[in-house]
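In what follows, a structure is listed as structure tokens, so that the remarks can point back to it.
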Amino acid sequence: MGRTPLLAQRPVGENKNDLGLICSIILLLGLGLVTLYVASANSALRLFDDELHFLKRQIVSISIGLVFCAFCAYVNFDFLRKCLPYIVIGSFILCVLTFFPGIGVERNGAKRWIRLPFINTFQPSEAAKVAVVLFLANLFEKKSDILDDAKKTIYPAVIGLFAFVLVVFLQDDFSSAMFIGLIGIAMFFIAGTKIRWFFLFLLFALPTAVLFIFTKEYRVLRLIAFLRPEYDLQGLNYQIFTAKNAISSGGFFGKGLGGIELVNKIPEVQADFIFAGWVEAMGFLGVILYMAILGFFIYKSLRTAMECEDLFRSFVAYGCTMIIALQSFMNCGVVCGALPSTGIPLPFFSSGGSSMIMTLGICGLLINVSKNKSVNGENL
């Protein structure tokens with residue numbers, strides 16, 4: 001048997017690039033860069049005496065992310081699968097390294113980052129999201145004929161998923177831990193496990209989530225802030241209150257890219273609340289445009305997953321789509337006040353190297369699957 005090639009091999013002359021998917025990614029990246037500059041210029045000028053500070057950092061992250069995207073778009077999936085144990089274990093080790101002095105970086109009491117060359121700090125929980133998708137996709141494909149066997153399929157999947165949820169939670173990152181758990185449950189659903197397992201998950205997950213919430217005071221306060229939006233508008237609810245005002249002030253057509261005002265008053269607007277900047281500038285029309293592009297991206301990604309006859313690739317595409325789609329909807333929900341504050345970034349928009357690099361890596365995997373869909377009944 002020969003060595004598995006690193007890059008995917010395709011017949012000469014075949015051009016299976018999904019241009020629609022690629023164009024939607026480029027459009028989302030472009031909108032994100034414009035929004036980041038518009039929303040963060042005043043903060044960057046005030047904090048760093050350079051209105052392009054956050055934009056420059058984002059361009060560096062995108063540059064690294066595009067290299068990672070290209071690698072993921074052309075890597076041979078058989079090679080990727082052989083390396084899967086190293087990817088999953090390596091991602092878990094990176095999460096554990098956040099607790100080691102000198103390697104882990106603590107900010108505001110949370111140990112969510114590690115020091116890495118070239119990108120300064122990296123948030124391993126972003127890699128954990130993808131690792132969980134790859135782990136479960138591989139397991140469910142291998143066990144597809146005994147999917148509901150508790151000992152051989154369900155228990156190993158739950159143990160692997162819970163290990164990632166727990167280590168991320170211990171970093172004091174409740175939102176990411178719960179998100180990873182949600183993605184894991186979605187993968188169970190996509191794989192086609194029996195519905196009774198979901199009821200068992202809920203019986204375990206709901207009390208666990210409540211317990212996790214009440215282990216930290218700030219989580220309880222976030223819940224109170226969500227349930228009582230009129231409470232402490234100058235303190236606890238200030239970000240949400242100001243973001244909602246910025247959104248409503250945008251009206252239908254928005255104030256234009258140079259006319260935003262209220263967003264400048266939101267602390268750390270370049271991170272989790274950047275969507276408010278887009279809406280204040282572009283109005284409800286901008287929301288329609290964003291949702292249309294995001295919806296097209298999700299449609300193309302799900303179609304890629306459905307048309308792929310290789311079960312492992314299909315599961316990976318479904319899981320990767322869920323990561324970006326759920327993060328996007330959750331972030332927009334938080335900014336609009338429809339969901340409690342989570343700290344989940346907006347893909348393609350929020351400032352943050354870890355999120356951007358992994359988002360583009362996910363896009364690369366989706367492009368890879370789209371290029372290797374079945375043609376005339378044969379997988380490329």
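Out of the range 172-199, which residues are among the charged types (D, E, K, R) and either in contact with a Phe, Trp or Tyr (Cβ under 9 Å, 6 or more places away or on another chain) or closer than 21 Å to residue 213 by Cβ (or both)? Before the answer, list the steps.
Our first condition is that a residue be among the charged types (D, E, K, R); within the range 172-199, this holds for 172-173, 194, 196.
Listed by number, the residues that qualify are 172, 173.
Taking the range 105-158, which residues are of a type in the set (Gly, Ala, Ser) and at positive phi? Give the steps one after another, and end with the answer.
Residues of the range 105-158 that are of a type in the set (Gly, Ala, Ser), as a first pass: 109-110, 125, 127-128, 131, 137, 144, 150, 157.
Selection gives 109 alone.
In the range 252-279, which residues are more than 24 Å from the chain's Cα centre (by Cα), without any contact (Cβ under 8 Å) to a residue 60 or more places away in the chain and not in a loop (DSSP other than H, G, I, E, B)?
So the first thing to find is which residues in the range 252-279 are more than 24 Å from the chain's Cα centre (by Cα), and the list is 252-262, 264-265.
Narrowing the set further to residues that are without any contact (Cβ under 8 Å) to a residue 60 or more places away in the chain leaves 252-256, 259, 261-262, 265.
262, 265 - these are the residues of the range 252-279 that are more than 24 Å from the chain's Cα centre (by Cα), without any contact (Cβ under 8 Å) to a residue 60 or more places away in the chain and not in a loop (DSSP other than H, G, I, E, B).
Looking at 57, 81 in this structure, which one is farther than 25 Å from residue 370 by Cα, charged (D, E, K, R) and out of contact with any strand residue (DSSP E or B) (no Cβ under 7 Å at 6 or more places or on another chain)? Write out each step before concluding.
Numbers: 81 fails: farther than 25 Å from residue 370 by Cα.
Sole residue among the options that is farther than 25 Å from residue 370 by Cα, charged (D, E, K, R) and out of contact with any strand residue (DSSP E or B) (no Cβ under 7 Å at 6 or more places or on another chain): 57.
Go through (1) β-branched (Val, Ile, Thr); (2) touching an Asp or Glu at 6+ places or on another chain (Cβ under 6 Å); (3) farther than 28 Å from residue 357 by Cβ and name the single condition residue 260 misses.
(3)
Counting only residues that are more than 19 Å from residue 145 (Cα to Cα) and free of Cβ contacts under 8 Å to residues at least 12 places away in the same chain, which one in the range 176-201 is surrounded by the most Cβ atoms within 10 Å (Cβ to Cβ)?
Result: 200.
I need a count of the residues in the range 223-251 that are in a loop (DSSP other than H, G, I, E, B) and buried (at least 17 other Cβ atoms within 10 Å of the Cβ). So that I can check it myself, show each step before the final result.
First pass over the range 223-251, keeping only residues in a loop (DSSP other than H, G, I, E, B): 228-237, 250-251.
With the extra rule that they be buried (at least 17 other Cβ atoms within 10 Å of the Cβ), the set shrinks to 236-237, 250.
Going through the range 223-251 one residue at a time, the tally reaches 3.
Where in the range 52-120 are there helices (runs of 4 or more DSSP H), lying wholly inside it, with at least 1 residues that are within 20 Å of the chain's Cα centre (by Cα), surrounded by fewer than 16 Cβ atoms within 10 Å (Cβ to Cβ) and at pLDDT 95 or above? Give the derivation first.
Values: elements: 53-74, 77-82, 84-97.
In the range 52-120, the matching helices (runs of 4 or more DSSP H) lie at 53-74, 84-97.
The values are calculated or read from the model by the stated rules, or taken from the named source; none is laboratory data. Just so it is clear, the model here is predicted, and its values are computed rather than measured. FYI the Cβ positions are ideal-geometry reconstructions off the backbone, even for glycines, and counts take in every protein chain you see.
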